[in-house]
1. What's the longest uninterrupted piece of the chain once you rule out the trypsin sites (Lys or Arg not before Pro) that are loop residues per DSSP with at most 16 other Cβ within 10 Å?
2. L253's amide H: which non-local residues (gap 5+, or another chain) put their own amide H closer than 5 Å, with H modeled 1.01 Å from N in plane and none for Pro or chain starts?
3. Within the chain, which whole H helices from DSSP have a Cα span along their axis of at least 18 Å and a mean Kyte-Doolittle hydropathy of -0.5 or more, if any?
4. Return the long-range amide H neighbours of T2 (sequence gap of 5 or more, or a different chain), with a cut-off of under 5 Å between placed amide H atoms.
5. Between P266, P66, P244, find the one with the highest GNM mean-square fluctuation for the chain; connect C-alpha pairs within less than 10 Å.
6. Show log10 I(q)/I(0) for the chain at q = 0.09 Å⁻¹, two decimals, from a solvent-free Debye sum over equal Cα scatterers.
7. When the chain is treated as a GNM, springs tying every alpha-carbon pair under 10 Å, which of T213, T193, T21 comes out with the largest mean-square fluctuation?
8. With unit charges on the beta carbon (Lys/Arg positive, Asp/Glu negative), name the residue among H78, G247, P145 whose Cα is farthest towards the positive pole of the charge dipole of the chain.
Amino acid sequence: MTRVVLVHGIAQQLKGPETITEAWLPSLNDGLVFSGSDTLPRQDVSVAFYGDLFRRPGHRGLGEPPLDASDVEPGLEHELLLAWWQAAADAEAPVPGPDTPARLRTPHVVQRALNALSHSAFFAGLAEGAMIGSARQVRRYFTEPEVRRAAGERLTRAVTGETTVIIAHSLGSVVAYETLCAHPHWQDLTLITLGSPLAVRGLVFNRLRPAPTGDTARWPVPVKRWINLADRGDAVALIKELAPSFGTRVHDLTVNNGAHAHDVRPYLTARETGLVLAEALG
C-alpha cells in the first residue's frame, strides 16, 4: 500500500529505488518522531526512481572520460553553473563571488565557477565532473523529450489509489509538478517540495509544461495542499518562495539544514516536514 511516494533529485544515477528508500525512510521517520507522530512502515512508501535515465552505458575503456570546463555546453548548463555560483557566494562567506577578480591561471568564467563551487558546502568534495554532470541532468531533462517523458512515467506508475502524499526533492519537484498537471483525474494529494528550483525564472520556471501564463504557473489540479520547504543557503533552490509564482495556496516554510543546505536528509528530519506529513496522513 503506497501512501507516500518519494521523488529524488539530481545526481542519483548510480543508485536505485531500494537504495533511495534505505537512505530516505529513516530520515522521514525521524521527522515524524520529532513532530510527535507515528513512523511509517516500509510498505507504505515507494520511490519514483528515474536516475538510471542519466546513467552512462558501459564501454571498453577504464572509467568514464572526465568532464571539465571545456565540456560545459552553452545555454542552460552554463547558466545553471553561474547561478549556483552566485547563490553559493551570497550564502557562504568563504565562497568567492563572480565579482571577485580572477587569477590569471583561471580566467575562464566556467572554470572560475567550478573552482568557487568546490569551496561551497553543497558541492564540497565533488569533482568538477560531478558538478557539470548535475547541471547536465537538468539540461537533459528539459531538452530531451524522451528523458522528460520517461521520468514522468516512473512517477505515474508509482502513484496508486492509496497514495496521499508526494514528497519531491530538487529536480524531482519539477518531475512531480509536471506529472501532477498531466493527471487532473488524480484527487486529494498533498505535495511536499524540498529544495525546489521550480520558481527560478529563465532556467526552470519558463521551461515548465504546461507553460506558465505570464508570471503565474498553473495550479496542479490533483493537489489539495502544497507545502514548500527551503533552506536559505540552498544554492539549488535559488528562489525560496513558490507562492508568488504558483499561487497563494502554496505554503512556503523555511528550515535550517546546517552546512548541507540542499541535502534531502536534513530536509526530511526537520520537524516542519514531519508535522506537514503527519497532518497529510491523518
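1. Of all site-free stretches, the longest is 106-200.
2. Here the answer is N228, L229, A230, since their amide H atoms fall under 5 Å of that of L253.
3. Values: long enough: 17-34 (25 Å, 0.22); 76-91 (22 Å, 0.32); 128-143 (22 Å, -0.44); 145-158 (20 Å, -1.02).
The answer, listed by residue number, is 17-34, 76-91, 128-143.
4. So T2 has HN proximity to E162.
5. In the Gaussian network model the winner is P66.
6. -0.41
7. T213
8. P145
Readers should treat all values here as calculations from the given coordinates under stated rules, not as data from a laboratory. Here the structure is a predicted model, which means the values were calculated and not measured. Virtual Cβ from ideal backbone geometry, glycine too; neighbours counted across all protein chains shown.
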